[in-house]
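Inspection log for the structure reproduced underneath, given as structure tokens.
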Amino acid sequence: MKLSSVQLDAMQELGNIGAAHAATTLSQLLSSTVEMSVPRIKTVDIAQLVNYIGEESAALVVFELQGEIPHGGYIIIYISRKSAVQLTNTMLGLTDPDRPLNEMDESALLEVGNIMASAFLDATAELLGFVMLPSPPALTIDMAHAAMQSLIAQMQDEIDEVMLFSTELVCEEHKIDSDIIMMPETSTLKTFVERLENLMKSS
Amino acid sequence: MSEPSLQNKMPVMIGIGEYHIGSEPMMAIGLGSCIGLTIYDKDRHIGAMVHIMLPESSGRTDRPGKYADTAVPLLLNKLSDMGSHRSSLVVKMAGGACMFEYFGNNLNIGERNAEKVRAVLAENHIRIAAEEVGGKAGRTVAFYPVDGGKVTVRSADGAAHEI
């Protein structure tokens, strides 16, 4: 699906609102400032995915988009392995940046992911005027490409390219770098765009 | 022919649904539920590699490397066209992991991919020399046709081993 520049702007604004809410919750959780990038929208051929998300080890907390649109696509909280340790260290009051991650870290990462994804979806759903809920989360701490590839393989639509909406959230104080990525099904994206166009007409 | 120089060359990257045939090193990065399938011709020291994403093509023909049921015949036919004999082929596969247990519709695509590859190879009377499939972790697979068809599997922690 190709988006016009107006549609891209509208989707970028949607991502902006969602990510801003996610950034606020992360900031409250860490009691620190969280900076947010401009949301990027990329259409990526699956054969080229490795150029965007590679072999690097990262924690990915993933959610399926549910609610009024069942199987709507995915929300992914992507945190590099180094940042994941920094994040859970900050939450758990620990200091060693080189320690291995354990079950406690996994629970903490799931929790952070849950809070961020819920904030993102609450804000975007409110704007769009329909109910979007995150599924229960799943977590992997492994090769990022392997995780993303596995999600793409189980998407409903038979696809050769994916559209990634990603926003970087950075906490300088604790050296935490994360991305919130939305990867909607084509049908979901169409619904988003229709709703946004209606909103623009009526305003 | 100076084999060491070939071996040290940058590998050809095989993205999702892509394939390559030749003597240069090849690599598929970050396989989750995907399969990296390698076929080595031990007489001619060439090989083919494909990065399979799904088991069934359901009639789609535009990306034959993406599906197990079309990717396996594709590589076998291409190698045959280049003069390879079935009896000289050494087949290895890796990947087919389940990165997220109990998540989404949990179709266990990795396992189905591996089963389909095995089934299509069996139809062609070709046995698998080595495989490392399943589990919960991602894999990067490298293939070196000029180095005896060596296949290495690397995990997220960087540790690599030959299969």
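In order along the stretch B:46-58, the phi-based Karplus estimate (6.51 cos²θ - 1.76 cosθ + 1.60, θ = phi - 60°) of 3J(HN,Hα) comes to 10, x, 10, 9, 9, 10, 8, 9, 9, x, 10, 7, 6 Hz; Gly and Pro are listed as x. Taking only the Cα atoms of the stretch A:80-195, the radius of gyration and Dmax are 16.1, 48 Å.
What is the Cα radius of gyration of the stretch A:1-50 over 2.2 N^0.38 Å, N being its residue count? Walk me through the numbers before you get to the answer.
On the way: Rg = 14.3 Å, N = 50, 2.2 N^0.38 = 9.7 Å.
The value comes to 1.47.
Gyration tensor over the Cα atoms of chain B: the corresponding equivalent ellipsoid has semi-axes (square roots of 5 times the eigenvalues, largest first) of 24, 19, 13 Å. Note that the stretch A:81-133, at 4 °C in a medium of 1.567 mPa s, gets a Stokes-Einstein diffusion coefficient of 104 µm²/s from its Kirkwood radius over C-alpha pairs.
What Kirkwood hydrodynamic radius do you get for the protein assembly as shown when you take the inverse of the mean 1/r over all pairs of distinct Cα atoms, in Å? Don't jump to the answer; show the numbers that get you there.
Numbers: mean 1/r = 0.0464 Å⁻¹.
Answer for the protein assembly as shown: a Kirkwood hydrodynamic radius of 21.5 Å.
Dividing the convex hull volume of the alpha carbon atoms of the stretch B:73-163 by its residue count gives 105 Å³ per residue.
Backbone geometry of the stretch B:16-22 corresponds, through the Karplus equation with coefficients 6.51, -1.76 and 1.60 at θ = phi - 60°, to 3J(HN,Hα) couplings of 4, x, 9, 9, 8, 10, x Hz, x marking Gly and Pro. By the rule of a C-alpha distance below 27 Å, with chain neighbours fewer than 8 residues away ignored, the lysines paired with A:Lys201 are A:Lys2, A:Lys42, A:Lys190.
For the Cα trace of the stretch A:43-93, dividing Rg by the Kirkwood Rh returns an Rg/Rh value of 1.10.
Along the axis of the charge dipole computed for the stretch A:5-202 (Cβ charges of +1 for Lys and Arg, -1 for Asp and Glu, origin at the Cα centre), the listed residues A:Val61, A:Ile180, A:Ser5 are led at the positive end by A:Ser5.
In deg cm²/dmol and to the nearest 500, what is the mean residue ellipticity at 222 nm of chain B if only DSSP H runs of at least 4 residues count, each as -39500 (n - 2.57), divided by the residue total? Intermediate results must be reported in sequence, preceding the final value.
Values: 3 runs with 35 residues, N = 163.
My calculation for chain B gives -6500 deg cm²/dmol from helical runs alone.
Computed about its Cα centre, the charge dipole of the stretch B:3-154 is approximately 100 debye, with only Lys, Arg, Asp and Glu carrying charge at their Cβ. A cut-off of 5 Å between modelled amide H atoms, ignoring neighbours fewer than 5 places along the same chain, links A:Ile176 with A:Cys171. Taking every C-alpha pair closer than 8 Å and separated by at least 6 residues, the mean separation divided by the residue count of chain B gives a relative contact order of 27 percent. Cα centroids of the stretch B:45-109 and the stretch A:116-140: 36 Å apart.
Under the criterion of Cα pairs below 8 Å and six or more residues apart, the relative contact order for the stretch A:5-202 equals 36 percent. A P(r) calculated from all alpha carbon pairs of the stretch B:33-112, with 10 Å bins opening at zero, reads 19, 42, 29, 9, 2 percent. Number of Lys-Lys pairs in chain B with C-alpha atoms under 25 Å apart and a separation of 8 or more places or on different chains: 22. Amide H to amide H, with H built 1.01 Å from N, B:Cys98 comes under 5 Å of B:Gly135, B:Lys136, B:Ala137, counting only residues 5 or more places away or on other chains. Across the stretch B:122-136, coupling constants 3J(HN,Hα) worked out from phi with the 6.51/-1.76/1.60 Karplus curve, θ = phi - 60°, read 4, 4, 8, 6, 10, 9, 8, 6, 7, 8, 9, 10, x, x, 10 Hz, and Gly and Pro carry x. Angle check, please: helix A:81-92 long axis (alpha carbons) against the longest principal axis of chain A (alpha carbons), in degrees 0 to 90, nearest 10. Approximately 70 degrees, to the nearest ten. Normalised by 2.2 N^0.38 Å, where N is the number of residues, the C-alpha radius of gyration of the stretch A:5-202 stands at 0.99. Among A:Val6, B:Val151, B:Val133, sorting on how many other beta-carbon atoms sit within 10 Å of each Cβ, with the fewest leading, yields A:Val6, B:Val133, B:Val151.
No value in this document is a laboratory result; all are computed from the given coordinates. This is a predicted model, so every value here is computed, not measured. Here the Cβ is made from the backbone with ideal geometry for all residues, glycine too, and neighbour counts use every protein chain on show.
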